[in-house]
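A quick write-up on the structure given underneath.
The values are calculated or read from the model by the stated rules, or taken from the named source; none is laboratory data. What you are looking at is a predicted structure, and each value in this text was computed from that prediction instead of being measured. Cβ coordinates were reconstructed from backbone atoms using ideal geometry, including for glycine residues, and neighbour counts include every protein chain displayed.
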Amino acid sequence: MKKILLILLLIPSLSFGQTLKETVKKTFKFSTFYAAVNGGSSLSDINTFSVNTGQLVSGVEQTPFDYSINLGIRKIARFQYENRASTFYNGTENTYSDAANVGKIKGFEFLFEGDLRRVQGKSYLDQHHFLRYVADDWIAKVEYLEDGFADIRFFEASQRYKYNVSKKFSVNVGAVQRLAEPYGYDPLEEWLLDNGNIHYTYLAIQEGYSVDFTNPEEITYLNPNGNIVATSTQVWETLIIPEVLVEYDERKRNELGMKLEYSFVAGFDYYHYEKDFWVHSWGNVMPYHIDTDQPYSYHKYQNGQWIDFNGGLIFGYKFDKQLGVFAEGKYNKYWNRRWHDFSIGINYVIF
């Protein structure tokens, strides 16, 4: 009897485990996991010259090699015009169609990608993750984007009603929620003088720096640790002050945290494909944003409403078997940030 009861108790667990296994398998079926390291030479060494206390000082400014470390997993159906040029994913691909509202197929698609890179001596962290579900008459999407080069980072969730005007063209309307730092906020604004300049030395003193006037012929400038960082006004203003302003600006922004914003969105998607001609375009506009009266809301820096938008276009035309032209790109404007990518060209095959 005990054995029968034990079997009856195990059956639901086994059934649940099997269902979960099948769900996970179905979710990740046809997805691609990739990891890659890419690198190359950067700027060549540059000879530098300066004069210090009457002496010529020479040096060499070296830029370390460029690299990128890419890690990701994606399950996004390719459109008919997308031809995989490489056998493997290495994370450097620029797939413009990922930004479209509607994918090639209905259902669930996703992308999780991280990219740590160094370009011309500067390091950036780029991330792009999203979950998207497309049904006959609605779209739901959750997205996180961090572009270190463009200095933009935000979470975004949207829920939209989709109306299919035709098999090629659809429009959508809905709501968007975005979580981001308070773009528009300028920490240095409170340090502006009446003439528009910044009282940078006083700001540096408030940040812990000090100025020693003991020897009027050799004024010294010290950092918060008491170490001398400059012995001339020129070095102080050219090298030290820019670092102080950047560090102050970054610290004050990080202190505020992220702000939640609610917006109305309207968009469209258009897709036409023939073997020798194709057009894929999409766009979104956010003309109205709910003012929640937060202390650092973007409404305060715009004195009211503003318009955010993004869009993309992929175009290709083959005149014959030899000649073809293409144009593709995307453009984004969120708050006071703008970033874009594009590629335009011509191909001619010689037989």
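Please specify each residue of the stretch 289-322 satisfying the condition of being closer than 22 Å to Ala99 by Cβ and under 23 Å from the mean Cα position of the chain (by Cα).
Result: His289, Trp306, Ile307, Asp308, Phe309, Asn310, Gly311, Gly312, Leu313, Ile314.
Kindly check whether there is at least one residue in the stretch 245-252 that is assigned by TED's automatic domain parsing to the domain that holds Gly329, under 27 Å from Ile152 (Cα atoms), in contact (Cβ under 8 Å) with a residue 24 or more places away in the chain and under 23 Å from the mean Cα position of the chain (by Cα).
Among the residues of the stretch 245-252, not one is assigned by TED's automatic domain parsing to the domain that holds Gly329, under 27 Å from Ile152 (Cα atoms), in contact (Cβ under 8 Å) with a residue 24 or more places away in the chain and under 23 Å from the mean Cα position of the chain (by Cα), which makes the answer no.
Which of the residues belonging to the stretch 204-237 are surrounded by fewer than 16 Cβ atoms within 10 Å (Cβ to Cβ), among the small types (Gly, Ala, Ser) and closer than 26 Å to Glu250 by Cβ?
If the condition is that a residue be surrounded by fewer than 16 Cβ atoms within 10 Å (Cβ to Cβ), among the small types (Gly, Ala, Ser) and closer than 26 Å to Glu250 by Cβ, then Gly208, Ser210, Gly226 are the ones that fit.
Taking only the stretch 173-227 into account, find how many residues are in a helix (DSSP H, G or I) and farther than 30 Å from Tyr144 by Cα.
Here the count works out to 9.
Among the residues of the stretch 297-351, how many are buried (at least 16 other Cβ atoms within 10 Å of the Cβ), touching a helix residue (DSSP H, G or I) at 6+ places or on another chain (Cβ under 8 Å) and not aromatic (Phe, Trp, Tyr)?
Count: 6.
Can you find, within the stretch 104-142, the residue that is surrounded by the most Cβ atoms within 10 Å (Cβ to Cβ) among those that are assigned to a loop (DSSP other than H, G, I, E, B) and of a type in the set (Gly, Ala, Ser)?
Restricting to residues being assigned to a loop (DSSP other than H, G, I, E, B) and of a type in the set (Gly, Ala, Ser), the top hit is Gly121.
In this structure, does Glu255 turn out to be surrounded by fewer than 12 Cβ atoms within 10 Å (Cβ to Cβ), touching a residue at least 12 places away in the same chain (Cβ under 8 Å) and either charged (D, E, K, R) or outside any strand (DSSP E or B) (or both)?
Considered against the rule, which asks whether it is surrounded by fewer than 12 Cβ atoms within 10 Å (Cβ to Cβ), touching a residue at least 12 places away in the same chain (Cβ under 8 Å) and either charged (D, E, K, R) or outside any strand (DSSP E or B) (or both), Glu255 comes out as no.
Return a yes/no flag: does the stretch 335-347 have any residue that is touching a residue at least 40 places away in the same chain (Cβ under 8 Å), of a type outside the set (A, V, I, L, M) and either more than 18 Å from Ile152 (Cα to Cα) or in a helix (DSSP H, G or I) (or both).
Yes, the stretch 335-347 contains a residue that is touching a residue at least 40 places away in the same chain (Cβ under 8 Å), of a type outside the set (A, V, I, L, M) and either more than 18 Å from Ile152 (Cα to Cα) or in a helix (DSSP H, G or I) (or both).
Residue-wise test of (1) in contact with a Ser or Thr (Cβ under 6 Å, 6 or more places away or on another chain); (2) surrounded by 10 or more Cβ atoms within 10 Å (Cβ to Cβ); (3) modelled with pLDDT of 75 or more; (4) within 30 Å of Ala77 (Cβ to Cβ).
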{"position": "Leu8", "(1), (2), (3), (4)": "no, no, no, no"}
{"position": "Pro12", "(1), (2), (3), (4)": "no, no, no, no"}
{"position": "Ser15", "(1), (2), (3), (4)": "no, yes, no, no"}
{"position": "Thr19", "(1), (2), (3), (4)": "no, yes, yes, yes"}
{"position": "Thr23", "(1), (2), (3), (4)": "no, yes, no, yes"}
{"position": "Lys29", "(1), (2), (3), (4)": "no, no, yes, yes"}
{"position": "Phe33", "(1), (2), (3), (4)": "no, yes, yes, yes"}
{"position": "Ser41", "(1), (2), (3), (4)": "no, no, yes, no"}
{"position": "Ser44", "(1), (2), (3), (4)": "no, no, yes, no"}
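Can you tell me how many residues within the stretch 76-108 are of a type outside the set (Phe, Trp, Tyr) and touching a Leu at 6+ places or on another chain (Cβ under 8 Å)?
Residues meeting the conditions: 3.
For the stretch 176-188, indicate whether the set of residues that are surrounded by 15 or more Cβ atoms within 10 Å (Cβ to Cβ), touching a Gly at 6+ places or on another chain (Cβ under 7 Å) and either at pLDDT 85 or above or more than 30 Å from Arg338 (Cα to Cα) (or both) is non-empty.
no
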